[in-house]
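The values are calculated or read from the model by the stated rules, or taken from the named source; none is laboratory data. Here the structure is a predicted model, which is why all the values come from computation and not from measurement. Neighbour counts run over all protein chains shown; Cβ positions are idealised from the backbone, glycine included. These accessible areas exclude ligands, DNA and RNA; they are computed on the full protein's heavy atoms, side chains included. Shrake-Rupley method; radii C 1.70, N 1.55, O 1.52, S 1.80 Å.
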Amino acid sequence: MFNTQHFKKFNGIKTPFYYYNTALLKETLKSMLDAAPKAYHIHYALKANSNPKLLNIIKQHGIGADCVSGNEVKRALEIGFTNKQIAFAGVGKSDEEILIGLENDIFCFNVESIPELIVINELASQENKIAQVALRINPNVDAYTHKYITTGLEENKFGINPYEFDTVLEHLSNCKNIKLVGLHFHIGSQIQSLTPFKNLCIRVNEINKWFLNKGLEIEHINVGGGLGINYQEPDKESIVDFKAYFNVFKQFLELMPSQQVHFELGRCIIAQCGSLISKVLYVKNGINTNFAILDAGMTELIRPALYQAYHKIENLTACVENRELNKYDVVGPICESSDCFGKAVVLPETKRGDLIAIRSAGAYGEVMSSNYNLRETVGCTFDEA
Ligand code: LLP
């Protein structure tokens with residue numbers, strides 16, 4: 001994907017920085033909207049990337065916002081998402097954050113526990129508001145992904161368990177300032193097969209029926225996000241197969257005619273649009289291992305250190321010069337051995353000053369960066385000026 005034009009452009013910019021391909025973002029959004037049935041409502045999960053310029057593009061495509069903090073709700077509103085497009089999830093919303101949602105009459109709070117339901121009701125009553133609520137349910141469906149991003153198993157902290165449903169309904173009948181509008185599910189992230197989504201649909205059908213049998217026809221079913229991307233070959237599959245994904249829900253989700261479906265997608269919209277661009281500071285050749293030491297580290301992109309995540313690494317300088325191949329451990333400057341982007345990575349002979357691209361870093365990259373070691377906040381640039 002990168003060519004000599006990029007190389008020339010990047011050469012003038014202070015590294016490390018995130019580079020975002022907004023043309024690809026637009027193509028991805030179009031492909032998603034073309035594939036989604038009209039009745040499906042998609043919310044973009046701001047947690048994946050809340051960069052204002054990217055959010056603006058996403059908003060212009062008419063989709064909603066999925067927020068997990070008061071500040072994300074505020075950011076979504078500032079960008080111009082309407083209050084009725086905003087869902088607010090999260091297992092630990094503070095009172096201040098709940099008040100932000102109430103003051104702005106957001107579409108829905110995804111409520112994760114009975115104690116949270118009680119607090120939202122109290123705050124809503126105090127503010128003279130009716131809070132629209134979806135119950136986040138833990139469906140106990142395995143997403144077969146990294147354990148740190150698995151969220152739909154009983155052992156995970158997320159959601160309300162089915163054995164609590166009767167108690168929830170008792171509480172709801174006493175919560176005068178709550179209107180139950182939805183059921184919410186999210187089983188995990190970077191899900192690489194469609195089977196877990198099929199299994200989720202089967203579970204959702206059972207749970208939906210349980211509520212119907214209690215006389216509750218819930219307005220919307222939110223099936224969360226989680227669709228994985230191809231980190232191995234970002235150029236071969238820069239846009240995921242949205243059609244196949246939505247087809248699973250079309251085929252397996254059994255809904256009442258009045259029920260709407262909502263999605264909260266993050267990674268598959270934005271991941272392939274971003275690369276972390278860094279410079280080689282030093283090459284340290286050892287007996288068994290050569291190290292390419294970059295000016296970016298786990299402070300700029302923590303995914304490899306935290307989830308042992310694979311990101312494709314490319315030497316951009318070598319794409320304009322012909323060089324022999326060699327193997328490198330590509331590492332950052334931070335004093336932690338987990339600060340490693342890839343082991344035994346085959347790269348063209350790498351030298352001090354070379355530009356390196358770490359691909360598929362648009363989701364959970366810039367947003368998870370930190371100033372550990374008092375490092376500077378990572379910058380960003382775009383394909384358009
Ligand atoms: N909805 C809820 C309730 C979520 O918790 C998440 C992600 C999403 C939607 C969006 O999921 P996506 O479509 O992006 O998979 N930092 C990790 C990923 C954490 C995901 C957290 N929840 C990583 O870098 O892999």
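Does Cys175 count as in contact with a Leu (Cβ under 8 Å, 6 or more places away or on another chain) and in contact (Cβ under 8 Å) with a residue 40 or more places away in the chain? I'd like the intermediate steps shown before the answer.
Working: in contact with a Leu (Cβ under 8 Å, 6 or more places away or on another chain): yes; in contact (Cβ under 8 Å) with a residue 40 or more places away in the chain: yes.
Yes; evaluated as a whole, the condition is true for this residue.
Out of (1) over 26 Å from the mean Cα position of the chain (by Cα); (2) open to solvent by less than 60 Å² (accessible area, probe 1.4 Å); (3) within 20 Å of Gln5 (Cα to Cα), the odd one out for Phe382 is which?
(1)
Within the range 353-385, work out how many residues are in a loop (DSSP other than H, G, I, E, B) and among the aliphatic types (A, V, I, L, M).
So the count comes out to 4.
Please work out which residue is least open to solvent (accessible area, probe 1.4 Å), limiting yourself to the range 147-175 and to residues that are assigned to a loop (DSSP other than H, G, I, E, B) and touching a Ser or Thr at 6+ places or on another chain (Cβ under 7 Å).
Asn156
Regarding Glu27, is this residue away from the ligand (no atom under 16 Å from the Cβ), among the acidic types (Asp, Glu) and more than 19 Å from Ile269 (Cβ to Cβ)?
No.
In the range 298-349, which residues are outside any strand (DSSP E or B), buried (at least 22 other Cβ atoms within 10 Å of the Cβ) and away from the ligand (no atom under 16 Å from the Cβ)?
Gly332, the sole residue that qualifies.
Does any residue of the range 154-161 turn out to be modelled with pLDDT of 95 or more and under 28 Å from Tyr245 (Cβ atoms)?
no
Within the range 350-368, count every residue that is β-branched (Val, Ile, Thr) and more than 16 Å from the ligand (Cβ to nearest atom).
Number satisfying all stated conditions: 2.
Determine whether Lys179 is more than 20 Å from Phe249 (Cα to Cα) and more than 14 Å from the ligand (Cβ to nearest atom).
yes
Of Ile149, Ile187, which residue is touching an Asp or Glu at 6+ places or on another chain (Cβ under 9 Å), within 12 Å of the ligand (Cβ to nearest atom), modelled with pLDDT under 95 and not charged (D, E, K, R)?
Going through Ile149, Ile187 in turn, the sole match is Ile187.
Can you find even one residue in the range 226-246 that is farther than 20 Å from Met32 by Cα, in contact (Cβ under 8 Å) with a residue 24 or more places away in the chain, part of a helix (DSSP H, G or I) and out of contact with any Pro (no Cβ under 6 Å at 6 or more places or on another chain)? Even if it seems obvious, please write down each step before you answer.
So the first thing to find is which residues in the range 226-246 are farther than 20 Å from Met32 by Cα, and the list is 232.
Right, trim to in contact (Cβ under 8 Å) with a residue 24 or more places away in the chain and you get 232.
Next, from what is left, pick out any that are part of a helix (DSSP H, G or I): none.
No, because not a single residue in the range 226-246 is farther than 20 Å from Met32 by Cα, in contact (Cβ under 8 Å) with a residue 24 or more places away in the chain, part of a helix (DSSP H, G or I) and out of contact with any Pro (no Cβ under 6 Å at 6 or more places or on another chain).
Given the condition buried (at least 19 other Cβ atoms within 10 Å of the Cβ), within 15 Å of the ligand (Cβ to nearest atom) and within 27 Å of Leu46 (Cα to Cα), answer yes or no: does some residue in the range 208-221 qualify?
Of the residues in the range 208-221, the ones buried (at least 19 other Cβ atoms within 10 Å of the Cβ) are 208, 218, 220-221.
Filter once more, keeping what is within 15 Å of the ligand (Cβ to nearest atom): 220-221.
If we keep only those that are within 27 Å of Leu46 (Cα to Cα) too, we end up with 220-221.
Yes, the range 208-221 contains a residue that is buried (at least 19 other Cβ atoms within 10 Å of the Cβ), within 15 Å of the ligand (Cβ to nearest atom) and within 27 Å of Leu46 (Cα to Cα).
Mind checking which residues of the range 271-297 are among the charged types (D, E, K, R) and surrounded by 15 or more Cβ atoms within 10 Å (Cβ to Cβ)? Show your work before the answer.
Here is the first cut: in the range 271-297, the residues among the charged types (D, E, K, R) are 279, 284, 295.
Within the range 271-297, Lys279, Asp295 qualify.
Please enumerate the residues belonging to the range 48-71 that are touching a strand residue (DSSP E or B) at 6+ places or on another chain (Cβ under 8 Å) and closer than 24 Å to Glu116 by Cβ.
Gly64, Ala65, Asp66, Cys67, Val68
Every residue in the range 85-137 that is of a type in the set (Lys, Arg) and more than 24 Å from the chain's Cα centre (by Cα), please.
Lys129
Scan (1) closer than 30 Å to Lys327 by Cβ; (2) within 15 Å of the ligand (Cβ to nearest atom); (3) among the aromatic types (Phe, Trp, Tyr) for the single condition Phe291 breaks and write down its number.
Failed condition: (2).
Here is a list: Tyr144, Tyr231. Which entry is under 18 Å from the mean Cα position of the chain (by Cα) and surrounded by fewer than 18 Cβ atoms within 10 Å (Cβ to Cβ)?
Values: Tyr231 fails: surrounded by fewer than 18 Cβ atoms within 10 Å (Cβ to Cβ).
Within the list Tyr144, Tyr231, the selection yields Tyr144.
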